[in-house]
There are 2 protein chains.
Amino acid sequence: MNIFIANTAGFCFGVKRAIDLAFREAKEGAGRVATLGPIIHNPQVIEQLKQIGVTTIDKLENPTSEIPLQGLDGLDTLIIRTHGIPLPLSEKLKSTGIKLIDATCPFVKKAQQYAKLLSEEGYKVLILGDKDHPEVQGILSYAGSEAEVVEPGKDLSPVTGRVGVVVQTTQPIEALRRLLNQIVETAKEIKVYNTICNSTAQRLLETEELARKVDIMYVIGGKNSANTKQLARLCDSIGVETYHIETAEEIVPVQLQGKENVGITAGASTPEWIIKEVYNAITTLSGEGPEVSDK
Amino acid sequence: MNIFIANTAGFCFGVKRAIDLAFREAKEGAGRVATLGPIIHNPQVIEQLKQIGVTTIDKLENPTSEIPLQGLDGLDTLIIRTHGIPLPLSEKLKSTGIKLIDATCPFVKKAQQYAKLLSEEGYKVLILGDKDHPEVQGILSYAGSEAEVVEPGKDLSPVTGRVGVVVQTTQPIEALRRLLNQIVETAKEIKVYNTICNSTAQRLLETEELARKVDIMYVIGGKNSANTKQLARLCDSIGVETYHIETAEEIVPVQLQGKENVGITAGASTPEWIIKEVYNAITTLSGEGPEVSDK
C-alpha cells in the first residue's frame, strides 16, 4: 500500500513558526510564559503548551491600548500570535518590560507595514477583510485615521482620489478582483499591495491533485473547521472515497480493504503529530510496514 | 417645436482647446504655421485652417527622433496636436528654434507624466491602449525601457513584481477592469492611474437621456466615425426616430412633420458651427423661429 501525505497538509508557514517559537520559549525555561489569545484554534496544541507551562491570556483578545493590561502580573514572556496585534497595544506592551516574542506571521507583518506606508504616502487605505478578525484589526491600526475595512462582497460607497489597498492574508483572490472592479471607475489612483498568502489556495490545489490519484482520502481537521470541510468537499466532488476525521481513532479497518493508494491531507490548524498518528494508524491497520511516499 | 442640443455634443475639451489654439496662432500673424499631423479627422476644419494659412505636415506623423525633421524649412510655428508626441521628438523639435505650440490634450499630458513617474519609481509600466495609436506611442516614450503596451482584450503573459498602469484616454473602463483582473493575481504590487477621460462615456449617457424625451434625434458626424455611429445606434436602440447626418443638407422637411421635441447630438470630431447649421436648418424647415433650449 502506498500512503501519500500532501506537502501542504496542516500548518501553514506562519502557524508552524509561531508554535515552534512557543515551544522553544517554554523549553528555554523563560519563567512564566503566556500567549496573547489562543495561539491556534486546536485544543490539543493548547493543552500540550499548557503542560509545559505556556498559558493563554484571553482577557487581551481583541484589546486596544485603552483596555488596562490585566493578567500580565508575574508574567516573564508574552507571545504575540500569528494574527498580530494593534500598534497602540504593541507599544503599551513594550513599556511593561515583559519579554515579547513576536510570532506575528511575516505575511501579516508585511500587510501591516504596507498599510502604514500607504497611509504615510497620503492614500486613503482600504483593508479588504473581515472587520472583526484580529488580523484585520491589527492591520487597521497601522493604516491611518482615514482607513476603512471593506468586507468581501459588501457594497462600498464610491471612493475617489488616491486609494491604497491591502488585503487580509487569507482572503481569496476573487474578493480582491471584485473590490478593484468596484473602485477602479471612481478612484483616480489606486495602489494595491496583494498581501494574500496563497497557502490555502496551494493546499486546495495539491489536495485536488492527490485525490485524483488515490483510492481513498483522509482529510484531517476539526469537524467545524471551514478550511478542512472545504478540502473534504473538494475530494468528495472528485468522486474519491473521502473521510473527514479529527484523530486516528476514527479510522475503521474496513475502509482500507482492497485499497492500494491512500491520500492524507489536513486543514490549517492540524499539527504534524496528528498527521503522523493517522499515517501510523493506516500503516498498522493495513497490516503492512511503513512505506511512506512524498507526493 | 423644442430643439434640444446635448451639452456634450461635438468636440471634447481637449480637441476644442487645440483647434482654438490653432486658429489663434494663425490670427496673430505668426508667419508660416503648421500642425504636426492633421489636428482633427474632419476635412472641413482642416480646410478652414488651410484658408487662414495653417498647413499640415504629414511627413512627421508617427515620427521618432531618428527620422530627419523634413518639412520644417521656413516654418515659424509648429502646433502639436491633442495626441501628443514622443519625448525624443519633442526634445529634437525644441532644438530647432521653431516656436512650438503644445496643444497636447491636458489629460494625455497627465498620462505621459504618470507613465514617467511610475517608471522613475521603479514600476514596470503597462500602457493599456492601441499599440499603433499616436497617443499611446507618445505615452510609451515616457514610460521607461521596460514598458509594454497591452492591447485591450489581448492575452498577457503573467506579470510579477511591481507593476504600474496608465491608460489611453479614450479606452472604456471595462478594458481597465479586465486588465486588472488579469494582473492582480501575479503582481505583488500594482499602482494604477486611471487616465481614462470620461467625455465619451458622458456623451453617450447624455445622448441616451435626450433620446428618451424627444420625438426625433439628429446625430451629426462622419458616416465612418466610430463614436458617431455608436451614438446613432444607441438612439436607434431606444426606439426614437434617428438620423445620422454629416451636414444640415441631409435634413428632409418631412422628417420634422408632427414632431414636437427634436434632439441634436454630435460625435467628437464635429465642430460647433456644423451643429449650429443643423440647428438653424431645423428651425427654418419647421417654419418656426428659434426656440433653443439647453437640455
### Message
For a bin width of 10 Å, list the pair-distance distribution of the range A:154-295 built from all Cα-Cα distances, rounded to whole %.
### Response
11, 33, 23, 15, 11, 6, 1
### Message
Give me the one-decimal nm value for the distance between modelled label points at B:Asn198 and A:Glu151, 7 Å along each residue's Cα-to-Cβ direction.
### Response
2.8 nm
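Given that compact globular proteins tend to follow 2.2 N^0.38 Å, what is the ratio of the alpha-carbon Rg of the protein assembly as shown to that value?
Details: Rg = 33.4 Å, N = 590, 2.2 N^0.38 = 24.9 Å.
Dividing the Cα Rg of the protein assembly as shown by 2.2 N^0.38 Å gives 1.35.
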#### Entry: Sequence-distant aspartates and glutamates (8 or more away, or on other chains) whose Cα lies within less than 19 Å of A:Lys110
A:Glu91, A:Asp102, A:Glu120, A:Glu121, A:Asp130, A:Glu135, A:Glu148, B:Glu185, B:Glu189
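When you have a sec, figure out the Kirkwood radius of the range B:212-290 from all distinct Cα pair distances and drop it here in Å to one decimal? Working shown, then result.
On the way: mean 1/r = 0.0795 Å⁻¹.
Final number for the Kirkwood radius of the range B:212-290 is 12.6 Å.
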### Query
Per the helix-only calculation at 222 nm, which mean residue ellipticity applies to the protein assembly as shown, given -39500 (n - 2.57) for every DSSP H run of n ≥ 4 and division by its residues, nearest 500 deg cm²/dmol?
-11500 deg cm²/dmol
### Task
Mind checking B:193-204 for the average number of partner chain beta-carbons within 10 Å of each residue's beta-carbon?
2
### Estimated FRET transfer efficiency when R0 is 22 angstrom, pair A:Met1-A:Thr247 (beta carbons, to 0.05)
0.60
### Task
Kindly report the accessible area of the protein assembly as shown per residue (heavy atoms of protein chains, probe 1.4 Å, no ligands, DNA or RNA), in Å².
46 Å²
### Of B:Leu205, B:Leu118, B:Leu49, the one that fluctuates the most in a GNM where chain B has Cα springs shorter than 10 Å
B:Leu205
### Task
Using only atoms on other chains, find how many Cβ atoms lie within 10 Å of each Cβ of peptide A:161-169 and report the average.
1
### Query
Where a ≥ b ≥ c are the square roots of the eigenvalues of the C-alpha gyration tensor, would you call the range B:194-255 rounded, which needs a/c under 1.5, or, failing that, prolate if a/b is larger than b/c, or oblate?
oblate
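Relative contact order (percent) for the range A:140-196, with alpha-carbon contacts under 8 angstrom and 6 or more residues of separation? Can you show the working numbers first?
On the way: 57 pairs, mean separation 24.5, N = 57.
Here the relative contact order equals 43 percent.
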## Note on the structure
Expected sort for B:259-268, B:170-179, A:10-19 on mean C-beta neighbours within 10 Å, highest first, is B:259-268, A:10-19, B:170-179
### Summary
Which of A:Leu210, A:Leu72, A:Leu156 fluctuates most in a GNM of chain A (C-alpha springs under 10 Å)? That residue is A:Leu156
### Summary
homo-copy label distances at A:Lys188 (7 angstrom along Cα-Cβ), nm, one dp, ascending, are 3.0
#### Entry: Averaged over B:179-188, number of beta-carbon atoms from partner chains that fall within 10 Å
5
### Task
Let me have the relative contact order for chain B, percent, based on Cα pairs under 8 Å that are six or more residues apart.
22 percent
### Task
Mind checking which aspartates and glutamates have their Cα closer than 16 Å to the Cα of B:Lys50? Skip sequence neighbours fewer than 8 apart in that chain.
B:Asp20, B:Glu25, B:Glu28, B:Asp58, B:Asp76
### Task
Find every distance from the label point of B:Leu156 to the corresponding label point in the other copies (7 Å from Cα along Cα→Cβ) and write them in nm, one decimal, shortest first.
1.8
### Task
Could you work out the Rg to Rh ratio of the range A:64-167, with Rh taken as the Kirkwood radius (inverse of the mean 1/r over all Cα pairs)?
1.03
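Rounded to the nearest 0.05, what FRET efficiency do A:Ser286 and A:Lys229 give with R0 = 41 Å and r taken as the Cβ-Cβ distance? Could you check?
On the way: r = 26 Å, r/R0 = 0.65.
Approximately 0.95, to the nearest 0.05.
Calculate the dipole size of the range B:140-252 relative to its Cα centre from +1 charges on Lys and Arg beta carbons and -1 charges on Asp and Glu beta carbons; express the result in debye to the nearest 20. Don't skip to the end; give the middle numbers.
Numbers: 12 positive and 16 negative charges, 83 e Å.
Dipole size: approximately 400 debye.
Return one quarter of the surface area of the convex hull spanned by the alpha-carbon atoms of the range A:66-122, equal to its mean projected area, in nm².
Values: hull surface 18.1 nm².
So the mean shadow area of the Cα hull is 4.5 nm².
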### Task
Between the label point of A:Trp273 and that of the same position in each other copy, find the distances and list them shortest first in nm, with every label point placed 7 Å from Cα along the Cα-to-C-beta direction.
9.1
### Task
Evaluate E = 1/(1 + (r/R0)^6) for B:Asp102 and A:Thr55, where r is the Cβ-Cβ distance and R0 equals 45 Å; express this FRET efficiency to the nearest 0.05.
0.05
### Message
Full-extension gain between A:Ile238 and A:Leu205, please, as 0.36 nm times their residue separation minus the C-alpha to C-alpha distance.
### Response
10.6 nm
### Task
Please find, in a Gaussian network model of chain A (springs between Cα atoms separated by less than 10 Å), the residue of A:Ser157, A:Ser141, A:Ser119 whose mean-square fluctuation is greatest.
A:Ser157
### Task
For chain A, just the Cα set please: Rg and Dmax, both in angstrom.
21.7, 67
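The values are calculated or read from the model by the stated rules, or taken from the named source; none is laboratory data. All values reported here derive from a predicted model rather than from experimental measurement. So basically every Cβ, Gly included, is an ideal-geometry build from the backbone, and we count neighbours across all protein chains shown. Note: areas computed on protein heavy atoms with side chains; ligands, DNA, RNA excluded. Shrake-Rupley method; radii C 1.70, N 1.55, O 1.52, S 1.80 Å.
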